[in-house]
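Nothing in this text is a laboratory measurement; each read-out follows from the coordinates by a stated rule. Quick caveat, the model's predicted, so the values are computed rather than measured. Note that we place each Cβ from the backbone using ideal geometry, even for glycine, and neighbour counts take in every protein chain shown.
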Amino acid sequence: MWSILYYLRNNPEKLRWSQRARFEDENIIDIAIKLDNKWRKVKNEIDQMKHKLNIVSRKIPRLKDDEYRRAVKEARTLSNIIKQKEKLLSDLSLKREKILRSIPNIIHESVPVGRDETENRPIRYWGKPKVSKKFLDLFLKENGKYNVKYEVTDQNFIGHADLVEQLGLADVRKAGQVAGARFFYLFTDLVLLEMALIRYAIDFLLRKGFVLVEPPFMLRRKPLEGVISFEDFEDMIYKIEKEDLYLIATAEHPLAALHMNETIPKKDLPLLYAGISPCFRKEAGAHGKDTKGIFRVHQFIKIEQFVYSLPEESWEWHEKLIGYAEEIWRELEIPYRIVNICSGDLGAVAAKKYDLEVWMPAQGKYREMVSCSNTTDYQSYRLNIRYSVSRGGPSEGYVHTLNSTAIATTRALTAIIENYYVPEEKKIRVPKVLKGYLESYSDLLNVLVLD
RNA sequence: GCCGGGGUGCCCGAGUGGACUAAGGGGUGGGCCUUGAGAGCCCAUGUCCUUUAUGGGACGCCCGGGUUCGAAUCCCGGCCCCGGCGCCA
């Protein structure tokens, strides 16, 4: 049974608590309960009337003359009453479904309760960030109370936006003229580095047992509604004019839709998919944020981890997915921290979310590179994805779905650029794990150095 | 884009206005049989509702409307798939 409906009928207090933790309307739960009860009552009434009608209707072909006419008349009357009542029911049913779907995912107990991103909780650190003196206070204020090693330096780091321009790696200004803000042209070195990142992430996930998928880059509204919430539509989704098609904002969307309306045999779970796709985002809710460079852009390429799991295994998988992302960033040798996103900052879809934030020396901050969510049955309910004991058997419940970034190219590039820039040489060193992918181009590289 | 054919359960496939069961086969789960396996036989195998019943009921044949006492079946609109033509990286 869908968890929202289960708790609505058996333990509504849990839903009220979740709503409170999210700083969202608690009354919606009681409205939903009332609507659900009313709907069930009316449905039951109609079912009984339909039963009567079916009995009359079925005997009609065996009747003659007066009996026949009487029965038809009775059936007609019943039929009309039912039709009227059904209008009420379909109305109720729509309202009920709408309100049920508007309830955000139930937050997990381990999610810190907090109002906004300032209350997100760092849970572990890796690496030793180099902190410029001018950022030290800020750094300590945010991270000082946690177990973090760091190194104070006199060095003044240059931001990636300035670097790519100075080194001729990208042209954001020209892209602005031809496409608008938050677009970019990347040139040889950066494109090759991007390709290397992609190849690296793909190879990494293939070794972990993921099935590599290139999904549709556009989706119809129906499947998209199953994987994102209404706000997401407004804030991030581009629509194709005059068609029922939307550009995907991440491979998560088509990967979740891959098993739409299916019942998956238990023994096939978990299903692990590594998606590769471009991602298109309006970034509508981000005016003025990260306007320079290629940190926050309208399009990028992303390698995404996506898992369908049994409900009882999804929390284990959540830890594994963030673990894989961490492995990737450890291998790239860039300091990071893992943040447990607090209740108020959690989107409607996720029950719990970890961000992996890497150290950006020029900003003096950790910045999000990876977002790893357990969406439990939020998406699987909407997309009708269940699991069963055996192939073709009756379903036992909804699967859980999880998603996590492996590598989002433009962001990963900014992290590499800032962390691997060697000012004395005006060069960018290539992380060890990527060298193998770039060796064959070594004589063509202008700014990247393989050592 | 145009013309033609099609969409039935987990799969194949019958059914073109009314049998209180969507035939039949396959798959899957369980049982019987067997020293064990296989074969064979039996049962089960969509969703929802029902103040919980070895119970009862509604719905379900691509989606949405309509006609009818009654629709998988007839009508209208949409989506998708296959074939042919056109266009095309």
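Using the Karplus curve 6.51 cos²θ - 1.76 cosθ + 1.60 with θ = phi - 60°, what ³J(HN,Hα) values do you get for each residue of the stretch A:342-352, in whole Hz, with x for Gly and Pro?
7, 3, x, 9, 7, x, 5, 6, 8, 8, 7
Ranked highest first by the average count of other Cβ atoms within 10 Å around their residues, in what order do A:297-308, A:53-64, A:102-113 fall? If you can, show how the numbers build up before the last one.
Details: A:297-308: 23.3, A:53-64: 12.5, A:102-113: 18.1.
The densest-packed peptide leads the list: A:297-308, A:102-113, A:53-64.
Translational diffusion coefficient of the stretch A:3-102 at 10 °C, 1.306 mPa s, Stokes-Einstein with Kirkwood Rh over Cα pairs, in µm²/s as a whole number.
Using the Kirkwood radius from Cα pairs, D works out to 99 µm²/s.
How many angstrom lie between the C-alpha centres of the stretch A:342-392 and the stretch A:1-45?
Comparing the Cα centres of the stretch A:342-392 and the stretch A:1-45, I get a distance of 23 Å.
Given 0.36 nm per residue, what is the gain on full extension from A:Asn156 to A:Lys14 after removing their alpha carbon distance, in nm?
Between A:Asn156 and A:Lys14, full extension yields 46.1 nm more.
Take the alpha-carbon centre of the stretch A:232-295, take the same for the stretch A:65-142, and report the distance between them in whole Å.
Between the Cα centres of the stretch A:232-295 and the stretch A:65-142 lies a distance of 19 Å.
Taking only Cα atoms, what is the 0 to 90° angle, nearest 10, from helix A:188-207's long axis to the longest principal axis of chain A?
Its long axis makes an angle of about 50 degrees.
Normalised by the empirical 2.2 N^0.38 Å for globular proteins, what value does the Cα Rg of the stretch A:223-309 take?
Scaled against compact globular proteins, the figure is 1.25.
Plugging the Kirkwood radius over Cα pairs into Stokes-Einstein for the stretch A:66-147, at a temperature of 20 °C and a viscosity of 1.002 mPa s, what D comes out in µm²/s?
109 µm²/s
With an 8 Å Cα cut-off and a minimum separation of 6 or more residues, compute the relative contact order for the stretch A:117-449 in percent.
Dividing the mean separation by the residue count of the stretch A:117-449 yields 22 percent.
Using the Karplus curve 6.51 cos²θ - 1.76 cosθ + 1.60 with θ = phi - 60°, what ³J(HN,Hα) values do you get for each residue of the stretch A:325-341, in whole Hz, with x for Gly and Pro?
Values per residue, Gly and Pro as x: 4, 5, 4, 4, 6, 5, 5, 7, 6, 10, x, 8, 9, 9, 10, 8, 6 Hz.
Tell me which residues come under 5 Å, amide H to amide H, from A:Arg386 once H is placed; ignore anything under 5 positions away on its chain.
Counting only residues 5 or more places away or on other chains, the set is A:Glu262, A:Thr263, A:Ile264, A:Val399.
Based on the Cα atoms of the stretch A:364-437, what semi-axes does the equivalent ellipsoid have, where each is the square root of 5 times one gyration tensor eigenvalue, given in whole Å with the largest first?
44, 14, 7
Sequence gap at least 6, Cα distance under 8 Å: using those rules, report the relative contact order of the stretch A:3-102 to the nearest whole percent.
On the way: 51 pairs, mean separation 32.9, N = 100.
The normalised contact order for the stretch A:3-102 reaches 33 percent.
Angle, helix A:409-420 long axis vs. longest principal axis of chain A, Cα atoms, 0 to 90°, nearest 10?
Once rounded, one gets 30 degrees.
Debye calculation, C-alpha points only, no solvent: report log10 I(q)/I(0) for the stretch A:117-449 at q = 0.06, 0.14, 0.16 Å⁻¹, in the same order as the q values.
One equal scatterer on each Cα of the stretch A:117-449 leads to -0.22, -1.17, -1.47.
Report ³J(HN,Hα) in whole Hz for each residue of the stretch A:425-436, in order, from the Karplus equation J = 6.51 cos²θ - 1.76 cosθ + 1.60 where θ = phi - 60°; Gly and Pro get x.
So the Karplus estimates, Gly and Pro as x, are 9, 6, 10, 10, 6, 9, x, 3, 5, 9, 4, x Hz.
Quick one: grab Rg to one decimal and Dmax as a whole number for the stretch A:121-247, Cα atoms only, in Å.
Looking at the stretch A:121-247, its Cα Rg and Dmax stand at 20.7, 56 Å.
Near the amide H of A:Met360, under 5 Å away, which other amide H atoms are found, from residues 5 or more places off or on another chain, if H is placed in the peptide plane?
Amide H to amide H, under 5 Å and 5 or more residues apart or across chains, A:Met360 pairs with A:Lys365, A:Tyr366, A:Arg367.
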